[in-house]
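Nothing in this text is a laboratory measurement; each read-out follows from the coordinates by a stated rule. Just so it is clear, the model here is predicted, and its values are computed rather than measured. Glycine also receives a Cβ, built like all others from the backbone with ideal geometry; neighbour counts cover every protein chain displayed.
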Amino acid sequence: MLDLANSFDLIIPELILTGAGLLLLLVAAWGGDQLSRPIAILAATALFGAGIALVPDLHFGTDGPQTLAFNGLLRVDSFALFAKAMIYLAAIGALIIAPAFFASPAAGEERGMRAEYPILIIFASVGMSIMVSASDFMALYLGLELNSLAAYVLAAILRKDDRSAEAGLKYFVLGALASGILLYGMSLLYGFTGGTDFATVRAGLEGDLAYGPLFGLIFVMAGLAFKIAAVPFHMWTPDVYEGAPTPVTAFFATAPKVAAVALTARVVFDVFGGQVLAWQQIVMFAALASIVFGALGAIGQENLKRLLAYSSINNVGFILLGLAVADQAGASAMLIYLFIYVAMSLGSFTALLMLRGDDGDLFETFGDIKGLAVTQPALAWCLLLFMFSLAGIPPLLGFYSKFVVFQATVEAGLVVFAAIAIAASVIGAFYYIKFVKVMFFDEPAELVTGKSGMAHWVLLALTALIISPLGYLLTPSLTDLADKAARSLFFTI
Amino acid sequence: MIQALAFYLFAAIVVASAVMVILSRNPVHSVLWLILAFFNAAGLMVIVGAEFIAMLLVIVYVGAVAVLFLFVVMMLDIDFAAMRAGLVKNFPLGIAMALILLAELGLALGVYGAGGLELGDAAANDAAQNLGESNIEAIGRLLYGRYILLFEIAGIILLVAMIGAIVLTHRAPKPGARGRQDIGKQISRRPDEATVMKRPTIGEGVEL
């Protein structure tokens, strides 16, 4: 019978977050928008608390049957904990950078942060926690929808701003389509195997894959590719990233990306673990196509948010490359890449949010940052670090992440694919370096002159420190955690 | 025998009213036909012994359709004057539908008492009988036992949907804005301050 006490013990972070979300919702309902700042602080504290609750199990590593909660609906192993830790950190980042943005003229007619913003971030985090620990298609879908629903609203939260409303609508329509495709695939798998939990489906898929389950697999993979914005299902990304308010874009580029990638990893190894050849080619194609199209698509972009959107597509390609290797080393490399990617994205978006004019308005095109090195040297140097790191130029940590992925790919004998990825990353380096060229060698536009708050500087310095050469001090413990997580991912119960 | 009769009746009306949903020109009529279709689908469910789904159909679908009806009336540009003029014309149709529903209700209750329709091997397929409990008990046991987590997450999803709808549409009323109802002020209004007496001259309007 159901061991509720043990199950609840395993989902303590989710319980903390849900409780905090409901409580803060009451505060927001009575206090209104003028309390949004304390609510954001409390929400960040709750996320931090939930993260603290993860630490013991994350440190010692956990796998095996004791990680199953609610009769196998959830599987809270090292892999899930690692992903959750990244999600919570990214969500805290999205809370820290939000108030200044919503108070600036860039927020349009309705100034000031809505009190619901932190609450939606919290509920989205709950959904993502459930996504990464799901061990049943029903739990997976409910977690995904909880996250997506909150994300649609977050994208459109500046409702008087046309671009924000458009981003929300686009995200909603395409997200609903992706959910439909995913659900159709799940229903096929359920129909052909007779269960929704991963173990049953996996057992039902043993042996030669018939056409029915194969279609199920393809639909599930397509739905997941939509959610992680991998080519050929990436079309929504630039528009949504550009239109959504910048802190929300920073959130989209980090936390949900981690959750969706972790979910994909869990599905391909747990559900389709016996059918590696069937999904490996799909993931490999998506990976290489994302790397190439992400690099090519970014070249003509003028808007920095669009550029970072293509950059995220490009990075997802590398993450999927680690996944396509389909062994423990590949999964570990993927997790390391994911962590460094989160730090780089969060840092880049924080830097974008610091491109302020005298009146506090925010800039987001190449024309505005010309000669930034003269007006804001510290900011320009930080951006240089992030761009070089995203391009994978040593000695920055972005090089290490690409290195471990390539190493895993080559060791698995997939040398050709690694070579294509390296060639494409050279193309990708073009626009990262263009970014630096505009900042350092163009006539100063003298637009970015405004000051930014302390919180932004702290977050920027922290992320810059992680991706700087000093970040290599982190790599032993990071590798240790990623290895533990990858091992638990391959533990078949 | 009575089950087979009831089945053909319900099935025929489901199909016929579903066709009418598409064919009728007036959207309000379409919704009425839809309600009839749902009711008959519920009847079919009762016949196969799935009384819980039958109840859900009536409560959720017919209940939700009432809301849908409201939306149709609010969103579409329906000429209410023409609608009211058509009330007498539509009255017999409405009454006929209501009578059909009433008769079916009686029939469904009678059929439920007569036992389920024989579909293949009834004894082996009747989950309720095999488990020794009714469908509702079995569903409840799963929903609030094994799948309690999913049930609670679904609740949170609905909450988020509600927050989202409010965030995207609610506008805080500005102080002193028009359209705010002040009940105290309304009640304390006296006829002499709300009305004025005028003696209009012929051929000229009244100046207010």
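A:G195: surrounded by fewer than 21 Cβ atoms within 10 Å (Cβ to Cβ) and either in a helix (DSSP H, G or I) or away from every other protein chain (no Cβ under 14 Å) (or both), yes or no? For A:G195, the condition - surrounded by fewer than 21 Cβ atoms within 10 Å (Cβ to Cβ) and either in a helix (DSSP H, G or I) or away from every other protein chain (no Cβ under 14 Å) (or both) - is not met. Of all residues in segment A:23-38, those that are free of Cβ contacts under 8 Å to residues at least 60 places away in the same chain, under 20 Å from A:I97 (Cα atoms) and facing another protein chain (nearest Cβ under 10 Å) total 0.
Can you give me the ranges of the helices (runs of 4 or more DSSP H) entirely in segment A:35-141 with at least 2 residues that are of a type in the set (A, V, I, L, M, F, W, C) and more than 21 Å from the chain's Cα centre (by Cα)? Please lay out each step first, then the result.
Details: elements: A:36-60, A:78-96, A:98-103, A:116-133.
In segment A:35-141, the matching helices (runs of 4 or more DSSP H) lie at A:36-60, A:98-103.
Residue under question is A:A150, and the condition is that it be closer than 25 Å to A:L74 by Cα, within 13 Å of chain B (Cβ to nearest Cβ), among the small types (G, A, S) and outside any loop (DSSP other than H, G, I, E, B); does it hold?
Numbers: closer than 25 Å to A:L74 by Cα: yes; within 13 Å of chain B (Cβ to nearest Cβ): yes; among the small types (G, A, S): yes; outside any loop (DSSP other than H, G, I, E, B): yes.
When the stated conditions are applied, A:A150 passes them.
Across segment B:145-158, which residue is nearest to the other protein chains (Cβ to nearest Cβ) among those that are surrounded by fewer than 17 Cβ atoms within 10 Å (Cβ to Cβ) and closer than 16 Å to A:I130 by Cβ? Here the answer is B:A154. What do you reckon, is A:F417 over 26 Å from A:G357 (Cα atoms) and surrounded by 16 or more Cβ atoms within 10 Å (Cβ to Cβ)? Here the answer is yes, as A:F417 does meet what is asked. Does segment A:306-323 contain any residue that is in contact with a helix residue (DSSP H, G or I) (Cβ under 6 Å, 6 or more places away or on another chain), surrounded by fewer than 24 Cβ atoms within 10 Å (Cβ to Cβ) and under 20 Å from A:R163 (Cβ atoms)? Checked segment A:306-323: at least one residue is in contact with a helix residue (DSSP H, G or I) (Cβ under 6 Å, 6 or more places away or on another chain), surrounded by fewer than 24 Cβ atoms within 10 Å (Cβ to Cβ) and under 20 Å from A:R163 (Cβ atoms). Can you report the number of residues in segment A:469-490 which are over 12 Å from A:L335 (Cα atoms) and surrounded by fewer than 16 Cβ atoms within 10 Å (Cβ to Cβ)? Result for segment A:469-490: 7. The requirement of being out of contact with any Pro (no Cβ under 6 Å at 6 or more places or on another chain) and on the phi > 0 side of the Ramachandran plot is fulfilled nowhere in segment A:153-166; no residue meets it.
Every condition in (1) surrounded by 24 or more Cβ atoms within 10 Å (Cβ to Cβ); (2) in contact with an Asp or Glu (Cβ under 9 Å, 6 or more places away or on another chain) is met by A:A90 except one, and the failing one is (2). For segment A:7-22, a residue qualifies if it is part of a helix (DSSP H, G or I) and within 13 Å of chain B (Cβ to nearest Cβ), and the qualifying residues are A:S7, A:F8, A:L10, A:E14, A:L15, A:L17, A:T18, A:G19, A:A20, A:G21, A:L22.
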